[in-house]
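Single-structure report; data block below.
The values are calculated or read from the model by the stated rules, or taken from the named source; none is laboratory data. As the structure is a computational prediction, the values presented were derived from the model and not from experiment. Every residue, glycine as well, gets a Cβ built from its backbone with ideal geometry; the counts of neighbours run over all protein chains shown.
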Amino acid sequence: MYLPRTIGTDSNDEGSANILGVLDPMRVLSIGVAIRFFCLSFYTPFILIYLHSGLGLPYVTAGLYLSLPSVAALIFPILGGGLTDRVGRRQLVILSLAAEACGIATFAVGIHFAALVGIIGGLFAARAAGNLGSPSVSAYIADVTSSARRAVGFGWLRSAQNLGFTLGVAAGGGLLLVLSFGQLAVLATLIAACGVLFSAVLLPDSPHDRTLAESRKLALQETSGNWGNSVTGPQGIARSFRAPLRALRHDRTLLLFWVTSCFLWMLIWQFAYAVPAFASSGLGLAYVYIGSALALNGAVPVLTQVPLTKALTGRAMTRVGLWGILAYTIAFFGMGLEGVVRVLVIPVLFVLVIVMTLGENLVSVPLFTLPMNIAPKAERGAYAGAMTTAGGVGSIVVPSLTGFALGFEATPLVTWAILVLPVVPVAVLLPMVRSRVSPASNKI
């Protein structure tokens, strides 16, 4: 994957260029993200199917169990968002990757012993760690890119995520033909460990990190002998936790877009739950075809996200988001119709996956870039933390919503009519967001 050696930096972000003389920050970050998503997509798209077919749980029950780890997404992004502004981007990225690897290892042990407590506990730990570090990634990108190039920077991030997802889900779906799900989880643990090592060795500090380092000695002196009031002490943790909540409370535009994003994530998360589950039980497809469809979902953004973002330069991000939910609506009703007619199932599924993925490409532009454009520079982590919880809300609701909708599997059009409902509030809320942000902040 090609990444530009430099992405325009702010004038006061001097030194955000490559400090290692080998790889620049965006390239290292993107490769690290690709490794992480390769690891996660090894097993995540197949968990609901495993709980249903491997452990014999009904879809509704399995969906409820999978909602439990997602609770972490309501808490840890808030803490991570506040901490990254106070502790640093790089430090929290590496810490969260290491903790995530431990969570995946716990999940693998749970799979080996068919212990539901270990499976859900490991998923919770991995999800908590990932959500703790997620705001740091967004804030890191905002630190090393100028406002004019930020949407492209997030485009490269999404390309890296989907490159990892494409390779991971294709490899995972293929390896499930010869490996057990437990063996697949062990392999995912080893890949996660490699990702930690890569980022620990090569990821440089962001400009924000260097600013913090310069002031850290003074801060340590001021809190010397008063651990409770330090960054990692109880009062410091409390202040970090409150920062994203304070941003939501005081910035009504951020709050409005946060609500909008919750519904957008309910659409995006369907690809991890509804699509593979419906393709398996509703369309009767084997793992290899499901894995190929999911891999296609990852491959399309790798090839199209950055060119598409560049082509949309000058457009209002909120309008682009509306185009995205239109694509989702077409794809979701197409899935329901295909479940009824069952004609050319595999090629039709692939076409609908492409349409759905283009919708995801479009909604991702405002979803990731707009919050960073309206965030004060010193509070980018807090804003990113607040917005990450929107994805958490979506990940909590979607497994149960999917389980409920699949209860109408005999009538696929009803199933997908339920799953497409989040487009309605998005269509109402996005124009309201547009009226509250400046044209410059809303422009790609």
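One residue stands out in segment 56-68 among those that are at pLDDT 85 or above and in a helix (DSSP H, G or I): the one that is nearest to Ala390 (Cα to Cα), namely Tyr65.
Considering each residue of segment 339-360 in turn, at least one proves to be touching a Ser or Thr at 6+ places or on another chain (Cβ under 9 Å) and among the aromatic types (Phe, Trp, Tyr). Residues of segment 277-318 that are hydroxyl-bearing (Ser, Thr, Tyr) and within 22 Å of Gly403 (Cβ to Cβ): Ser280, Ser281, Tyr287. Applying the criterion of being among the aliphatic types (A, V, I, L, M) and assigned to a helix (DSSP H, G or I) to the residues of segment 313-331, the residue that is surrounded by the fewest Cβ atoms within 10 Å (Cβ to Cβ) is Leu326. Entry remark, segment 106-128: residues being in a helix (DSSP H, G or I) and farther than 24 Å from Leu29 by Cβ number 16 in total. Within segment 416-444, if we keep just the residues that are more than 25 Å from the chain's Cα centre (by Cα) and not aliphatic (A, V, I, L, M), the residue that is farthest from Leu256 (Cα to Cα) turns out to be Pro439. Among the candidates Val178, Val201, Val137, Val117, the residue that is out of contact with any strand residue (DSSP E or B) (no Cβ under 9 Å at 6 or more places or on another chain) and surrounded by 16 or more Cβ atoms within 10 Å (Cβ to Cβ) is uniquely Val137.
Evaluate the following for Gly153: is it among the small types (Gly, Ala, Ser) and buried (at least 20 other Cβ atoms within 10 Å of the Cβ)? Spell out the reasoning first.
On the way: among the small types (Gly, Ala, Ser): yes; buried (at least 20 other Cβ atoms within 10 Å of the Cβ): yes.
So Gly153 fits the description; yes.
Counting only helices (runs of 4 or more DSSP H) that sit completely within segment 210-293, those holding 1 or more residues that are among the aromatic types (Phe, Trp, Tyr) and at pLDDT 85 or above correspond to 252-268. Contact map, segment 267-288: residues that are under 14 Å from Val345 (Cα atoms) and aromatic (Phe, Trp, Tyr) paired with residues that are in a helix (DSSP H, G or I) and at pLDDT below 80, Cβ distance under 7 Å, separation 6+ or inter-chain. No pairs are found. The condition of being in contact with a Gly (Cβ under 6 Å, 6 or more places away or on another chain) and modelled with pLDDT under 50 holds for only one of Ile7, Ile35, that being Ile7. Looking only at residues in segment 156-175 that are of a type in the set (A, V, I, L, M, F, W, C), crowded, with 24+ Cβ neighbours inside 10 Å and over 12 Å from the mean Cα position of the chain (by Cα), which one is nearest to Ser199 (Cα to Cα)? Within segment 156-175, the match that is nearest to Ser199 (Cα to Cα) is Trp156. Being on the phi < 0 side of the Ramachandran plot, surrounded by fewer than 23 Cβ atoms within 10 Å (Cβ to Cβ) and without any contact (Cβ under 8 Å) to a residue 12 or more places away in the chain is a description that does not apply to Leu74. Criterion first (in a helix (DSSP H, G or I), out of contact with any Gly (no Cβ under 9 Å at 6 or more places or on another chain), over 19 Å from Arg380 (Cα atoms) and polar (S, T, N, Q)) does Ser53 satisfy it? Considered against the rule, which asks whether it is in a helix (DSSP H, G or I), out of contact with any Gly (no Cβ under 9 Å at 6 or more places or on another chain), over 19 Å from Arg380 (Cα atoms) and polar (S, T, N, Q), Ser53 comes out as yes. Contact map, segment 103-120: residues that are closer than 11 Å to Pro69 by Cβ paired with residues that are modelled with pLDDT under 90, Cβ distance under 7 Å, separation 6+ or inter-chain. Pairs shown: Ile120/Tyr65; Ile120/Leu68; Ile120/Pro69.
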